[in-house]
Each structure stands twice: as structure tokens, then as C-alpha cells.
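I have placed the structure first, in the form of C-alpha cells, so that the comments after it can refer back to it.
The values are calculated or read from the model by the stated rules, or taken from the named source; none is laboratory data. As the structure is a prediction and not an experimental result, all values here were calculated from the model. Because the Cβ atoms are built from the backbone with ideal geometry, glycine has one as well, and the counts that use them run over all protein chains shown.
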């Protein structure tokens, strides 16, 4: 796969736009589409990039088509719906979905692609929006071996850690496991910070204690440290999207009869934050929400 290969890229939201721009900066020839025309505007600076008028137009003539969409309903409609991307793709081309969706939807799309002779890769994104900006994302990839090698240069243009988790569908499933831990720990951190504030403890010293024991976690070290503790709760990853992911996790677990009571409780905690108007804020902002509910000062460093 070379930079001269025409690539369709559909979905230029907070993560997708940054990743597509990183591909463009590396010389990849892109045909981009988003429902918001302003999201496509930055690509006019690249001679090898074109703006498509629809997802199908972005996919048509592309050797690889990439999707980064909000959830399973959007991916299903854009890829498999009437006039969708798969209809426009030629046998021998490849569809790569970077979205976080239900395994059942991933499996259905993989089967539909196979029936048309189109290769399929699922490669959900790990890490934060700031990592996407810097080209430092992590990808959990579900793909046949040959298809993994085919898309690896593209993933390397967008990230620094590319993990081949297994065949098609393995990436989606690994992402749900990862996000279960990331999101529930984010909520537990929020409760812990509210308790810290209610106790009147020094935040910096309390964090020093936590980071010196097995209680420490990546959310406190990576996301809280650079977002909510600095007073920045503008979205890198919205509480609404975190709630969506927990819903996917709980639904998938229920289908497998795998009990996940902590996931269910965390989902309802996030739903209470959404009901209070916090849905569009960064999920590290759950700490501010928890402190607000407890009637204590919000946690800040510096």
C-alpha cells in the first residue's frame, strides 16, 4: 500500500479529522467526506486530497475505504444501507472501520464484504483525541494476515502502536474490553476525587499516594492530569460517547450471558451526568460532575 493509493475517508469528527490530516501530511491521496462541510475544508490545502459528495463517492474508485463514525447504527447505514459505501466498492478493494461498534455489526459487515470480494479490517482507535492530533493513536486490529500488512502503512501514518489482535472482529471485541476498563475507571476516579475534596485532602499529595500504589491507573495519569485537573473539560472524548460505549459493552455482555454489574452501574452513573447536562463534556469532566453533586470544590492542580 503506497501513499499514491486513492483512499476514501468517511467521518471527520474529533478523532477522524486529525487522523485523516495526518495521512494527508504523509502524502496519502484521500477522498474525504463528512456531513459537515466545514470539517472537509482543511483538506483543500493538500493537492492529493479531494472532497466527496457522499460516502459512496468517497469509496468509489478507492482501493481502501476508511470509516470513523459515532456508532453501530451509523456504520451499518453508511456501509450497508441503500447507496452505501459497499455498493460503490470494487472487488479486490478493502474496507477498514475504525469506529467503536457492536461485534454483531462488525461481523455482519465483514460477511457482506466477503460476499462481494471486498476485504474487511476492523481497527478501533485507542488513546485520546490529543494522541490522534499528534499521530500517536493506538489501533486494535482485526484482520487476515495479508490484509493487516496491506493497511499497516496507513495505520502507521495515524498512530504509533498497531496491535494485530486476530481475525476480523477481534479488534472490535478488544476495544470493548479496553473501554470497559477505561470508562469505569474514569467514573471511579471521579468518585474518588469527590471524596478527596470532601475530606479536605491536598489533591497533589493524595495523587502522589495513589500513584505510588496499585490504585493508580491510566485515566488519572493521562487524561485527568491533562484535562480536568487543568480546568479543561472540553471534549476529547464526550461523556455521551463514553455512555454509548458502555451501552455497547453491556448489550454485548448480555447477549453472551456474561454478568457485568459494574459496567451497568457505571453506565447509569454516566447517564445521570448526561441528564444533568454534562453529556457534551470530556469524560474526565465526570470528576467535576461528581464534586458538584457532592457540593465540594472541583479538583484542580497548579
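For residue 74, are the conditions met, namely being out of contact with any helix residue (DSSP H, G or I) (no Cβ under 6 Å at 6 or more places or on another chain), closer than 29 Å to residue 252 by Cα and modelled with pLDDT of 95 or more? Against the criterion (out of contact with any helix residue (DSSP H, G or I) (no Cβ under 6 Å at 6 or more places or on another chain), closer than 29 Å to residue 252 by Cα and modelled with pLDDT of 95 or more), residue 74 qualifies. Every condition in (1) closer than 24 Å to residue 228 by Cβ; (2) buried (at least 19 other Cβ atoms within 10 Å of the Cβ); (3) touching a helix residue (DSSP H, G or I) at 6+ places or on another chain (Cβ under 8 Å) is met by residue 130 except one, and the failing one is (2). Looking across segment 111-151, the residues that are in a helix (DSSP H, G or I), farther than 22 Å from residue 17 by Cα and without any contact (Cβ under 8 Å) to a residue 40 or more places away in the chain come down to 111, 112, 113, 114, 115, 116, 145, 146, 148, 149.
For segment 192-206, state whether one or more residues are at pLDDT below 95 and either under 25 Å from residue 129 (Cα atoms) or part of a helix (DSSP H, G or I) (or both). No - not one qualifying residue is present in segment 192-206. Within this structure, residue 52 passes the test of being more than 18 Å from residue 150 (Cβ to Cβ), touching a residue at least 12 places away in the same chain (Cβ under 8 Å) and touching a strand residue (DSSP E or B) at 6+ places or on another chain (Cβ under 7 Å).
Take the residues of segment 177-186 that are more than 30 Å from residue 24 (Cβ to Cβ) and touching a residue at least 40 places away in the same chain (Cβ under 8 Å): which is surrounded by the most Cβ atoms within 10 Å (Cβ to Cβ)? For segment 177-186, the residue satisfying everything is 186. Checking the stated criteria, residue 189 turns out to be more than 18 Å from residue 102 (Cα to Cα), touching a residue at least 12 places away in the same chain (Cβ under 8 Å) and either buried (at least 21 other Cβ atoms within 10 Å of the Cβ) or not assigned by TED's automatic domain parsing to the domain that holds residue 17 (or both). For segment 255-282, a residue qualifies if it is part of a loop (DSSP other than H, G, I, E, B) and surrounded by 14 or more Cβ atoms within 10 Å (Cβ to Cβ), and the qualifying residues are 260, 278, 279, 280, 281.
Residues in segment 152-175 that are surrounded by fewer than 21 Cβ atoms within 10 Å (Cβ to Cβ) and part of a helix (DSSP H, G or I): 152, 153, 156, 157, 170, 173, 174.
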